[in-house]
Amino acid sequence: MARLIGGLATSHAPQLLMPPLQWQDLPTRTKGPFRPKPDIKAELTDAAKIAKANRCNEAFKVLSKQLYAWAPDAVIVVGDDQHENILDDNMPPFVVYTGAETDATLHFNYLGEKSEDQMARYRVPADLASKLLHGLMEEGFDPAWSTKTREEVGLGHAFGRALKFLMPDQRFPIIPLMVNTYYPPAPTAKRCLQLGVALRRVIDGLPGDARIAILASGGLSHTVVDEALDAEVIKALETHDTAYLGAMPSDILVEGTSEIRCWIIASGAMQSGARMVDYVPCYRNEKGVGCAMGFAIWE
C-alpha cells in the first residue's frame, strides 16, 4: 500500500528572496490596524535583519536535507493561489493539478526581475494525481482539477518559491494542490482540516508502494506580524490540537495569514504533532509589518 512518509511546512514570503537590508523597500500591503510591540526598533537594526535572514536560510537547509533523505516518489505541494491560476471567473476552494508536468515561477518582481526568467519545470505523476483526485471525490470532496495552468509561467509563487528553497534540482515529482486561501469566501479551517484527513485516508488506501510526502507552503502571520497568534498556532501544530486548528475563525485567516490553511491541511494529513525547526518573525518597518517565517517537519 502507498504511505505518507512525512511532511514539511515553510513560509514563502518575498522577504526570503529580498536582501535583508532592503526589507523595508517591500510594500506594506495593508491598512492595518497596526499594533507594533514596544521594542520594535530593536527588530529593525541591520544586525537583527541579517541574523534573522541567516536563521531562515539555515531552516531551509534542515527541511531540504530531510526531503532528500526521504527521497519520496511524489511530493504533494499545498499552496495558495493569488490570482495566478485561480481567477474571479471561477474560484474553487481546492484544485488538484493532474497534468504530466508543469512549470512554476518565483513571481518575485521587486528588483526588476521577470517571472518568465524564474521558472523551473517539474514532473507530475499524473496517474497518481488522478487517483488522489478520485479518492477525494469518494471521500465526499469535489475539488476542481486541471491539466493546464492559465499563466504561461505555470504555477504561482507559493509553489515556485517553496520548491526552489527545498528542491532546487526538481528531483522529485510533485502533485500540486492549489488552495484559495486569500479571497473570501475561502474554505474554513474546519474544511481544510477535513481535507487533510481525507487525503490521508485516500493515500492509505492506494494500491502500490508509492512513498508520498506533503509540503505546505505559506504563512505564518503577515503582512502584520502577530506573534501571539503564531504562538497559539505553533502550539496547536506541535500537539496536534485539531480542536484549535479546526476552529480558527475565518476573520483571522485573512490576507497573508490566510496561508495557515495550508499548514492545517498538512496537519490533518499527517495526524501527528509537528516539530518546529524555527520561528522567525521578520519585521520590515516600525508599524509591525513583515512576515513571521515558520519552518516545520512532521517525521
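Just a few scattered comments:
- Inter-residue pairs, beta-carbon under 6 Å, first under 16 Å from residue 230 (Cβ atoms) and in the stretch 284-299, second surrounded by fewer than 19 Cβ atoms within 10 Å (Cβ to Cβ), 6+ apart: 288/34; 288/36; 289/28; 295/278; 296/276
- Positions within the stretch 201-230 being in contact (Cβ under 8 Å) with a residue 12 or more places away in the chain, out of contact with any strand residue (DSSP E or B) (no Cβ under 9 Å at 6 or more places or on another chain) and surrounded by fewer than 18 Cβ atoms within 10 Å (Cβ to Cβ), in sequence order: 201, 205, 207, 208
- When residue 156 is tested against (1) at pLDDT 95 or above; (2) touching a Gly at 6+ places or on another chain (Cβ under 8 Å), just one condition goes unmet, and that condition is (1).
- In the set 231, 247, only one residue is touching a helix residue (DSSP H, G or I) at 6+ places or on another chain (Cβ under 7 Å), at pLDDT 95 or above and of a type in the set (Gly, Ala, Ser); that residue is 247.
- Residues considered: 215, 220, 193. Of these, the only one that is of a type in the set (A, V, I, L, M), within 12 Å of residue 267 (Cα to Cα) and not in a strand (DSSP E or B) is 193.
- Residues in the stretch 29-65 that are outside any helix (DSSP H, G or I), more than 25 Å from the chain's Cα centre (by Cα) and touching a residue at least 60 places away in the same chain (Cβ under 8 Å) were compared, and the one that is surrounded by the most Cβ atoms within 10 Å (Cβ to Cβ) is 36.
- Qualifying positions in the stretch 239-285 - part of a helix (DSSP H, G or I) and of a type in the set (A, V, I, L, M): 243, 245, 260, 264, 265, 266, 269, 270
- A residue that is in a strand (DSSP E or B) and either on the phi > 0 side of the Ramachandran plot or of a type in the set (D, E, K, R) (or both) cannot be found anywhere in the stretch 105-119.
- Residues in the stretch 160-174 that are surrounded by fewer than 24 Cβ atoms within 10 Å (Cβ to Cβ) and within 23 Å of residue 195 (Cα to Cα): 173 alone.
Each row is one residue, and each column tells you yes or no for (1) under 15 Å from residue 182 (Cβ atoms); (2) touching a strand residue (DSSP E or B) at 6+ places or on another chain (Cβ under 9 Å); (3) buried (at least 24 other Cβ atoms within 10 Å of the Cβ).
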position: 249; (1), (2), (3): no, no, no
position: 255; (1), (2), (3): yes, yes, no
position: 261; (1), (2), (3): yes, yes, yes
position: 267; (1), (2), (3): no, yes, yes
position: 273; (1), (2), (3): no, yes, no
position: 280; (1), (2), (3): no, yes, no
position: 283; (1), (2), (3): no, yes, yes
position: 293; (1), (2), (3): no, yes, yes
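The values are calculated or read from the model by the stated rules, or taken from the named source; none is laboratory data. None of the values given here were measured: they were computed from a predicted structure. Ideal geometry is used to build each Cβ from the backbone, glycine not excepted, and the neighbour counts take in all protein chains shown.
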